[in-house]
Amino acid sequence: MTDMHAGSYKEAILFLVTAGVVVPLFHRLRISPVLGFIGAGALLGPFGLGRLAEAHPWLSAVTIGNRAEISHLAEFGVIFLMFMIGVELSWERLRTLRRLVFGLGSIQVVASALVIGGILYALAVPLAASVIVGLALALSSTAVVLPVLAEQKRLNTPAGRASFAVLLFQDLAVAPVLFAIAVLGRSDGADVGSALAFALGQAIVAIVVIVVAGRLALRPLFQLVARTRSPELFMAACLLVIIGTALTAAAAGLSMTLGAFVAGLLLAETEYRRAIEATIDPFKGLLLGVFFVSVGMNLDPAQLMSAPGAILGLALGLILIKGAVIVAAARFLKLSRAVGLEAALLLGPGGEFAFVLIGGALAGNLVPEEVGQAALIVTTVTMIAIPPLAVLARRLGKRMARGQLGRARAEPVPDKQQNRVIIAGYGRVGRLVGEMLTRHKIPYLALDADAARVSEQRRLGNPVYFGDSASADLLRRCDIAHARALVVTLDNPRAVEAVVEAARAERADITIVARARDARHATALYEMGVDDAVPETIEASLQLSEAVLVDVGVPMGLVIASIHERRDEYRAMLKRKETETRSPAFRARRTVGKGLAAKGGEAGPAKDEPKPAIKSA
């Protein structure tokens, strides 16, 4: 048996210690762990304590010297990240985001590369080197930006979607740039056009093979593994798919991350999607930590201190150039200024692919050494700045949203239109109601108290207006006297009751359909005079019942009939309960269309009470 040396595992042990200390500490301090990993890499790397190891040999035990091994593990961190992005994205969502991906993303990459490359060429850098460095610095950091957005729970915000779309296009753009660098580096006067065309053809064939093989083999593979009920085998299958597709893509000249991303897209359409996410997420987190440590290891404090003004100035210039391009592109695509500014601060810094592109160009003697090294250290410095820039972007976004509040209040009152439906609340539920009304060509207008949501929906062409739906004056301005119906979709029960009370006081005969929290809340709303109350809990139960009945083989027609029958029984039961508990005072006031006090409690807030906060889902 060969001797085991602890030094062989030194880098792995140091990383695990770093993860065990950095993540809990930075979570407690409410600081992104990304900064902790980068700082640990700078401290433990060859330019930190490693520089003192010769004078103090004992320091070699706590420094990371094997940069090549760390770099290989770091690359897998980005590969696993892109796989998870593919799993969460799906082809359908990719089609939905195509305008941002191929519109905003292409404008950002091309325009940023042209500006940066033009500046370098004006400074007497060779043309090929200017183009390569310009493209490398135009890219942003998927590995840092997405975890930061996920930590802030902002991936699904407009700025998060825009940033993700641009990052996705950048990842797709890496492949042809790598082709060009590889071909230029080994052309030696050969026909560059033919070599590049051959490389592109090879890449297209590889993508087609991955997609076709994935569609044919992935679902049967996971069905076979799932039948074993072995978590270990399931994990092994997941790792096999990720690494296998990544290596297939690399063999065809594509980036390994692109191959893993395509594999994720294919698995997103299977029933094993959630189990795969749960299995791979811990690997992704650990390997991304290794990536951030490797980024920190490339930071040479001595080089930074030798010319801090120049390096920081170049870093600031890079962020400003890319940020200005993104803001202009966002406005061109009719995105809000808040979205453009947030995306600019997130995507202005450099990214991990700059190390790959410039490293390959340096190896092929396509970029002068001093230019390449300066670009790499500027990229590292800007990547370190991403977490604080993300915090700044979030604060500026909130401030601009408050500015939008004033503009939303100034939105002109909608024109009068008879037989129009009024929707109170335009969150997820309200939007679906609006879409169904549009499908059946029934005009509507919606009211919402979220200024940012109102601004976003109006940019999309939806008739949404800012305001408190419980305001009698606003309801009158929306011409409730001639409205066909009122749909209340707010998720706050007190707010729903306040809107119903205000609407009934304005018009006794209008049809009101309201969202209810549960059966008790639905009964209270029937007491207040709504025509239909839809309890969330009951509807969810009916939908679950419908699904299970169909899945176990009951004919669809019988299922739909029984569900409708049971829904009618619930509605009759709730209305019967409402009739039994209604007070004489309520009947007298209901006949004139006012008041609506229910026996045993208030129907809405008293006049002296503050109005409830209205929030729509």
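Here are the numbers for this structure:
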| item | result |
| --- | --- |
| The listed residue being touching a residue at least 40 places away in the same chain (Cβ under 8 Å) and touching a Phe, Trp or Tyr at 6+ places or on another chain (Cβ under 6 Å), out of L149, L167, L139, L120 | L139 |
| Residue that is closer than 24 Å to D491 by Cα, small (G, A, S), more than 41 Å from the chain's Cα centre (by Cα) and at pLDDT 70 or above, where the choices are A514, A572, A533 | A572 |
| Matching helices (runs of 4 or more DSSP H) fully within region 272-335 where at least 1 residues are over 30 Å from A237 (Cα atoms) and within 20 Å of the chain's Cα centre (by Cα) | 308-332 |
| Search result, residues across region 320-341 that are out of contact with any Pro (no Cβ under 6 Å at 6 or more places or on another chain) and β-branched (V, I, T) | I321, V325, I326, V327 |
| Inter-residue pairs, beta-carbon under 6 Å, first more than 15 Å from A263 (Cβ to Cβ) and in region 216-238, second part of a helix (DSSP H, G or I) and among the small types (G, A, S), 6+ apart | V225/A237 |
| Test result for L35, in contact with a helix residue (DSSP H, G or I) (Cβ under 8 Å, 6 or more places away or on another chain), part of a helix (DSSP H, G or I) and modelled with pLDDT of 75 or more | no |
| Hey, K322 on the phi > 0 side of the Ramachandran plot and in contact (Cβ under 8 Å) with a residue 60 or more places away in the chain or not | no |
| Any hit, region 251-267, residues being in a loop (DSSP other than H, G, I, E, B) and in contact with a Lys or Arg (Cβ under 8 Å, 6 or more places away or on another chain) | no |
| Residue selected from region 296-345 under the condition of a type in the set (V, I, T) and surrounded by fewer than 24 Cβ atoms within 10 Å (Cβ to Cβ), by the criterion nearest to I64 (Cα to Cα) | I311 |
| Qualifying residue in region 73-88 (condition: at pLDDT below 75, more than 17 Å from the chain's Cα centre (by Cα) and loosely packed, with under 15 Cβ neighbours inside 10 Å) | no |
| Region 432-466, residues that are closer than 19 Å to R515 by Cα, in contact (Cβ under 8 Å) with a residue 24 or more places away in the chain and outside any strand (DSSP E or B) | V433, G434, A449, D450 |
| Subset tally (residues that are more than 18 Å from I280 (Cβ to Cβ) and surrounded by 14 or more Cβ atoms within 10 Å (Cβ to Cβ)) for region 216-247 | 0 |
| For L288: the one exception among (1) in contact with an Asp or Glu (Cβ under 9 Å, 6 or more places away or on another chain); (2) crowded, with 22+ Cβ neighbours inside 10 Å | (1) |
| Complete set of residues in region 140-157 that are assigned to a loop (DSSP other than H, G, I, E, B) and either surrounded by 24 or more Cβ atoms within 10 Å (Cβ to Cβ) or of a type in the set (V, I, T) (or both) | S140, S141, T157 |
| Matching residues, region 140-166, being touching a Gly at 6+ places or on another chain (Cβ under 7 Å) and over 19 Å from G86 (Cβ atoms) | R154, A159 |
| Hey, G372 surrounded by 13 or more Cβ atoms within 10 Å (Cβ to Cβ) and at pLDDT 80 or above or not | yes |
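Yes or no, residue by residue, for (1) under 33 Å from the mean Cα position of the chain (by Cα); (2) surrounded by fewer than 21 Cβ atoms within 10 Å (Cβ to Cβ):
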site: R458; (1), (2): yes, yes
site: P463; (1), (2): yes, yes
site: L474; (1), (2): no, yes
site: D479; (1), (2): no, yes
site: D491; (1), (2): yes, yes
site: E497; (1), (2): no, no
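Condition check ((1) out of contact with any Leu (no Cβ under 9 Å at 6 or more places or on another chain); (2) in contact (Cβ under 8 Å) with a residue 60 or more places away in the chain) across all residues:
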{"residue": "L490", "(1), (2)": "yes, yes"}
{"residue": "V500", "(1), (2)": "no, yes"}
{"residue": "R504", "(1), (2)": "no, yes"}
{"residue": "A514", "(1), (2)": "no, no"}
{"residue": "R517", "(1), (2)": "yes, no"}
{"residue": "G529", "(1), (2)": "no, yes"}
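The values are calculated or read from the model by the stated rules, or taken from the named source; none is laboratory data. It should be emphasised that the depicted structure is a prediction, and the values quoted were computed from it without experimental measurement. Because the Cβ atoms are built from the backbone with ideal geometry, glycine has one as well, and the counts that use them run over all protein chains shown.
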